[in-house]
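**Q** Following this message is one structure expressed as structure tokens.
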Amino acid sequence: MLTALSLTLAGLVMLAVLPLLALGRGWPVGAVVHGGSLLAAAIFAGCGLAALLGGAPAPQALMPGSWAPMLLALDGLSAWFLLLLGLAGACSALFALSHYGRAPARVLSAYPLFLAGMALTLLAADGFTLLLGFEGMSLASWALVAADHEQAENRRAARLYLIFAVASGICLVPAIGLLAAGGEITFAAMREAPPEGWRAAAVLALVVAGAGAKAGLVPLHAWLPLAHPAAPSHVSALMSGAMTKVAIYVLARLLLDVTGPAQPIWWGVPLLVLGAASAVLGALRANLEEDSKTLLACSTIENVGLIAIGLGLACAFRAADLGALAALAAGAAALHALNHALFKSLLFLGLGEVLHGAASRRLDRLGGLIHAMPWTAAAVLVGAGAAASLPPLSGFAGEWLLLQALLAAWRVGDLAFQVLAVGVAAMAALAAALAAAAMVRLFGMAFLGRPRTPRAAGAADGPWPARLALLLPAGLTVVFGLLPGPMLSLAEGALQALVRQDVTERATIAAIRVGDGAGAYMPIGIALLLAVLGAAIVFLVKRRAPSGVARSPAWDCGFIAPPQHLPFGDPITQPSAAGLGQPLRRMLGNPVLAVHEGVTMPPPGDPSPARIEAGFADPSDRLLLAPLARLRDAVVVRTERLRDLTLAQCLMLPFGTLVALLALIAWLEAR
Amino acid sequence: MGFLWGLLTQVVHLALMLVAAPLVVGVIRWLKARMMGRIGASPLQPLRDLRKLLLKRPVLAENASWISRAAPYAGAGAALAAVALVPSFARGMAFAPLADLVLIAGLLALGRVAMALAGLDVGTAFGGLGAAREMSFAALAEPALLLAVMSFAILAGTTGLDAIAGTFQEGALGLRVSLGLALVALLAVAVAENARIPVDNPATHLELTMVHEAMILEASGRHLALWEAAAALRLTLWLALLAAIFFPFGTAPSGFAPLGWLVGLVAWVAKIGVLCLALAAFESAIAKMRVFRVPEFLGAALLLGLLGALLLFVSTRLA
């Protein structure tokens, strides 16, 4: 199986070369590249599923006779995330097949490399291969973010993204170095010698910063709301759905699996705190953003936060010897990672379809698309329902497990941890409810109401492959929502790697149980109940009531009919994106987001309209990016002085460096 | 055999709730009218209104989509499903294993989202205003609800409503300060979720102050009947939930107990009557608050829930 996967990786690299060969020859390479990517994604999903069902194959080298001992392995954890990558990648490739066939060569060749980098990160069995894949993924996705580089904002997003990607690398390389202090960089050897003392703390800080920056954890999330919307839609879907999960995988692999189960309770606290902060901040920002894809990117921050909470809880439970609860928390994280990958891909692709049809990402230029794009609207409604964690869709299953784990967190027994857990539980519930508000706002603005622009009125559904790319994840979102028990059993291997505990007796087809006598969630039962009661209501009401409906102009409290030249009514009489966000902006915005709102009135007698200006500032801009920018400027001013050095001073610099390096080597030899 | 009795109590429970829901709304209106010195409409008036509305053909806006047609059924279905899970006169109903408090919160959210989408469907200003406010209030109410659930889960060891009600009925826990705090928090959440005074005024149609009514302005005929029924069911659900958790006296145990059922029925009607009276008195005594004061109201509920859970930790440590 690993041979097949190695060959697939090689195939993806060859696909990346193809568009460069075809430059200026007019070959239809787009179809070949995306078709090949679709096939590769299908192989990933198939291999992941096979490994989850049939057990892990023995580790083997990436290529025979390579210059570095690059080991590949496919244990439960890798297989679970590979399945996720395959499913999200297949939807994305399917969508690209019908919309991005004519993309420029830099996009076409970076796309398969991006897929290959993610897969290599997941398959790596040693630190070097992991870093190789991770950096390949970062670099390829940077090229994709910069695809539309004619626009200044995209260039800015790509530059910020690259800086954060480099920062992740700078954190992860020493982390792997500290883990491999014994000299062996394979995960198996690292597991034998888990870090202790200051080394453990350093590894924790470096991995949380390095992988957390890639996943979008607060406070290192600043790039995410800029980069995800800048990329083409199928790439945004892959970045939000799969790439953040690959970062989560690195987090889980290094902090839960490789560093061994012997860590104390506080090991999970950073993940718990940052996860809760990300969940609330992301969900709150999603309610304020006015660009549909930025809104989805902020919702990704929220969901990554929820997954991080699950992982942090799993660490704490494991340290407190609460194996069953640790499996519950890890299961919540694994399940939510898969579910989020699917519904977020679906939402990004759906809004990508809207971007094609209605030519805008701004919510204030959309509206009424449910009439023009019924298929897209239905699929996005399913995705939005899952993102709003409504039962019985898949988002609710993960959220239910996570809340149950949080409700049981007091069993850890440490008073400080209990207090923390109560706070995190409140924040997780707040984030879930805020996400529901954000999703209602997204769907209501884009698909409901009246068209706000002529383009929105003239939109249409995409061709059938693109529709399939929406219907496939929508269907899986429903199915996974109904079958969380079997999915949890399937994730058994992953949970074994994370917490060394199995969940088989708690997860059946019909139900997931928290523990003996504690709560249970039966999605099929609740779906049946909803269906039967709904059908009974329809039957009873329709039997009594006269059939059909009458149509008339909207009542709207007697608002006057629009003038003739505005066939869809005056757009400004509809709720706007800022208006729908206003209650939350006023209620919750100020403590966190430094919201400002001001009305500029015309002078008396002037009939021009009053203008309302509202905005907010993410705290990470003020507290992290601005000081860093000042630091950069200061360093630049210092280094500029190097230009004025004399020749002798210039020669002294390399000489001094050489001496310092030799001294370092001598010191290391002496130890 | 046990399942059969469970099914029987479940069917009786559903019928009871369906009958009680319009009556609860009618009785509260009547009580409020009496307290304000008016004669008031008969408590049966909501039933008559529902019957009248059901016989009318709905009028939809020209640009209304299938959301407007499907949402009333989704909202009423979700409310009915949630109502089916909250025990009234007896425990051990057929759907009791499904009755998880987090799930009930999820079902209420499902109904809320259906209503907010229906409010946004036609693209009218009031619908959007109501939807935005409703979702925002829920965002503040839901953490408070979860913290109250946390107190129950710590005391009863589960989030299953049936088991919580059973544990509290046995009385082994005694009176606890945390439960008192959770009760106040849940009362505030219930007031907000049901759009009652001081959060929203169910009787008003003044545009700037309404939340719930703003979303269903465009609904008419059987659709309006369904929305009204869903609102009534939700109010009854919250009263029944409070009764089941905090006043579990007299509820019949699971299994075959005809005498217990009768006692439970009488006790439940009495409990709901008292709660209706309390709600009517509270609503008559207090004024509606400004929309942007509501976060303070719900924030206080959140803090009380937080305090309740913390007190539990401290007290279990002392014990």
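**Q** List, please: which pairs have Cβ atoms under 6 Å, are six or more places apart or on different chains, and start with a residue in region B:102-114 that is within 9 Å of chain A (Cβ to nearest Cβ) and under 16 Å from A:M439 (Cα atoms) and end with one that is in a helix (DSSP H, G or I) and of a type in the set (F, W, Y)?
**A** Filtered contacts from region B:102-114: B:G106/A:F396.
**Q** Output the number of the condition that A:A634 fails; it satisfies all remaining conditions of (1) at pLDDT 85 or above; (2) within 14 Å of chain B (Cβ to nearest Cβ).
**A** Every condition holds for A:A634 apart from (2).
**Q** So, one more: Collect the residues in region B:286-313 that are surrounded by 19 or more Cβ atoms within 10 Å (Cβ to Cβ) and small (G, A, S), keeping them in residue-number order.
**A** B:A301, B:G305, B:G308, B:A309
**Q** So which residues in region A:394-420 are touching a residue at least 40 places away in the same chain (Cβ under 8 Å), small (G, A, S) and either within 8 Å of chain B (Cβ to nearest Cβ) or over 13 Å from A:I512 (Cα atoms) (or both)?
**A** A:S394, A:G395, A:A408, A:A409, A:G413
**Q** So which of B:L108, B:L155 ends up being surrounded by fewer than 24 Cβ atoms within 10 Å (Cβ to Cβ), under 30 Å from B:N63 (Cβ atoms) and of a type outside the set (K, R)?
**A** So the residue among B:L108, B:L155 that is surrounded by fewer than 24 Cβ atoms within 10 Å (Cβ to Cβ), under 30 Å from B:N63 (Cβ atoms) and of a type outside the set (K, R) is B:L108.
**Q** Still on this structure, please answer the following. Sort through A:A527, A:A554 and tell me the only one that's modelled with pLDDT of 85 or more, within 11 Å of chain B (Cβ to nearest Cβ) and assigned to a loop (DSSP other than H, G, I, E, B).
**A** Of A:A527, A:A554, the one residue that is modelled with pLDDT of 85 or more, within 11 Å of chain B (Cβ to nearest Cβ) and assigned to a loop (DSSP other than H, G, I, E, B) is A:A554.
**Q** Follow-up question, since we're still on this one. Hey, among A:G589, A:G605, A:G581, A:G569, which residue is touching a residue at least 12 places away in the same chain (Cβ under 8 Å), outside any helix (DSSP H, G or I) and not acidic (D, E)?
**A** Answer to the selection: A:G569.
To keep it simple, each residue is scored yes or no on (1) away from chain A (no Cβ under 14 Å); (2) modelled with pLDDT under 90.
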{"site": "B:S254", "(1), (2)": "yes, yes"}
{"site": "B:L265", "(1), (2)": "yes, no"}
{"site": "B:K271", "(1), (2)": "yes, no"}
{"site": "B:S284", "(1), (2)": "yes, no"}
{"site": "B:L303", "(1), (2)": "no, no"}
{"site": "B:T316", "(1), (2)": "no, yes"}
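**Q** Within region A:137-150, which residues are surrounded by fewer than 19 Cβ atoms within 10 Å (Cβ to Cβ) and without any contact (Cβ under 8 Å) to a residue 40 or more places away in the chain?
**A** Let us first name the residues in region A:137-150 that are surrounded by fewer than 19 Cβ atoms within 10 Å (Cβ to Cβ), namely A:139, A:148-150.
The answer is A:L139, A:H149, A:E150.
**Q** Follow-up question, since we're still on this one. Answer yes or no as to whether A:R450 is outside any loop (DSSP other than H, G, I, E, B) and either touching a Phe, Trp or Tyr at 6+ places or on another chain (Cβ under 9 Å) or not aromatic (F, W, Y) (or both).
**A** In short, no.
**Q** Collect the residues in region B:271-304 that are hydrophobic (A, V, I, L, M, F, W, C) and closer than 24 Å to B:L23 by Cα, keeping them in residue-number order.
**A** Across region B:271-304, the qualifying residues are B:I272, B:V274, B:L275, B:C276, B:L277, B:A278, B:L279, B:A280, B:A281, B:F282, B:A285, B:I286.
**Q** A follow-up question, please. Of all residues in region A:568-608, which are modelled with pLDDT of 85 or more and farther than 23 Å from A:A286 by Cα?
**A** A:V599, A:T600, A:M601, A:P602, A:P603, A:P604, A:G605, A:D606, A:P607, A:S608
**Q** Here's a follow-up. Based on what the data block shows, is A:A96 out of contact with any Ser or Thr (no Cβ under 7 Å at 6 or more places or on another chain), under 15 Å from A:A247 (Cβ atoms) and either surrounded by fewer than 24 Cβ atoms within 10 Å (Cβ to Cβ) or modelled with pLDDT of 90 or more (or both)? Step through it out loud before you land on a result.
**A** Numbers: out of contact with any Ser or Thr (no Cβ under 7 Å at 6 or more places or on another chain): yes; under 15 Å from A:A247 (Cβ atoms): no; either surrounded by fewer than 24 Cβ atoms within 10 Å (Cβ to Cβ) or modelled with pLDDT of 90 or more (or both): yes.
Against the criterion (out of contact with any Ser or Thr (no Cβ under 7 Å at 6 or more places or on another chain), under 15 Å from A:A247 (Cβ atoms) and either surrounded by fewer than 24 Cβ atoms within 10 Å (Cβ to Cβ) or modelled with pLDDT of 90 or more (or both)), A:A96 does not qualify.
**Q** Also, I was wondering about something else. Do you know which of the residues in region B:87-101 that are at the interface with chain A (Cβ under 8 Å from one of its Cβ atoms) and within 21 Å of B:L18 (Cβ to Cβ) is surrounded by the fewest Cβ atoms within 10 Å (Cβ to Cβ)?
**A** Going through the qualifying residues, I end up with B:F95.
**Q** Could you list, in sequence order, all residues of region A:426-471 that are in contact with a Pro (Cβ under 8 Å, 6 or more places away or on another chain) and at the interface with another protein chain (Cβ under 7 Å from one of its Cβ atoms)?
**A** Correct list: A:A426, A:A429, A:L430, A:A433, A:G444, A:G449, A:R450.
**Q** If you don't mind, there's one more thing I want to ask. Looking for whichever is charged (D, E, K, R) and over 14 Å from A:R441 (Cα atoms) here; the options are B:R112, B:R133, B:R91. Which one fits?
**A** Result: B:R91 is the single residue among B:R112, B:R133, B:R91 that is charged (D, E, K, R) and over 14 Å from A:R441 (Cα atoms).
**Q** Now, a different point. Identify the single condition in (1) of a type outside the set (V, I, T); (2) in contact (Cβ under 8 Å) with a residue 40 or more places away in the chain; (3) within 28 Å of B:S68 (Cβ to Cβ) that A:A276 does not satisfy, given that it satisfies every other one.
**A** (3)
**Q** Oh, and also: Of the residues in region B:115-146, how many are among the small types (G, A, S), at negative phi and touching a residue at least 24 places away in the same chain (Cβ under 8 Å)? Can you show your working first?
**A** Here is the first cut: in region B:115-146, the residues among the small types (G, A, S) are B:116, B:118-119, B:123, B:125, B:127-128, B:130-132, B:136, B:138-139, B:141, B:144.
Checking the rest, the ones that are also at negative phi come to B:116, B:118-119, B:125, B:127-128, B:130-132, B:136, B:138-139, B:141, B:144.
Subsequent filtering for residues that are touching a residue at least 24 places away in the same chain (Cβ under 8 Å) retains B:116, B:118-119, B:127, B:130-131, B:138, B:141, B:144.
Adding up the residues that qualify gives 9.
**Q** Can you work out which of the residues in region B:255-285 that are crowded, with 19+ Cβ neighbours inside 10 Å and touching a Lys or Arg at 6+ places or on another chain (Cβ under 8 Å) is farthest from B:T167 (Cα to Cα)?
**A** B:E283
**Q** Any idea which of (1) more than 30 Å from A:T294 (Cα to Cα); (2) exposed (fewer than 10 other Cβ atoms within 10 Å of the Cβ) is the one A:P602 doesn't satisfy?
**A** (2)
**Q** Could you tell me whether region A:409-425 includes any residue that is under 26 Å from B:A118 (Cα atoms) and not acidic (D, E)?
**A** no
**Q** While we're on this one: Regarding region A:221-232, can at least one residue be identified that is within 14 Å of A:A252 (Cα to Cα) and either surrounded by fewer than 18 Cβ atoms within 10 Å (Cβ to Cβ) or touching a helix residue (DSSP H, G or I) at 6+ places or on another chain (Cβ under 9 Å) (or both)?
**A** Within region A:221-232, not a single residue is within 14 Å of A:A252 (Cα to Cα) and either surrounded by fewer than 18 Cβ atoms within 10 Å (Cβ to Cβ) or touching a helix residue (DSSP H, G or I) at 6+ places or on another chain (Cβ under 9 Å) (or both).
**Q** Mind checking which helices (runs of 4 or more DSSP H) fall wholly inside region A:336-447 and carry at least 1 residues that are within 22 Å of the chain's Cα centre (by Cα) and among the basic types (K, R)?
**A** Once the helices (runs of 4 or more DSSP H) in region A:336-447 are filtered for at least 1 residues that are within 22 Å of the chain's Cα centre (by Cα) and among the basic types (K, R), what remains is A:415-447.
The values are calculated or read from the model by the stated rules, or taken from the named source; none is laboratory data. Since we're looking at a predicted model, the values are computed, not measured. Positions of Cβ are generated from backbone atoms using ideal geometry, with glycine treated the same way; all protein chains shown enter the neighbour counts.
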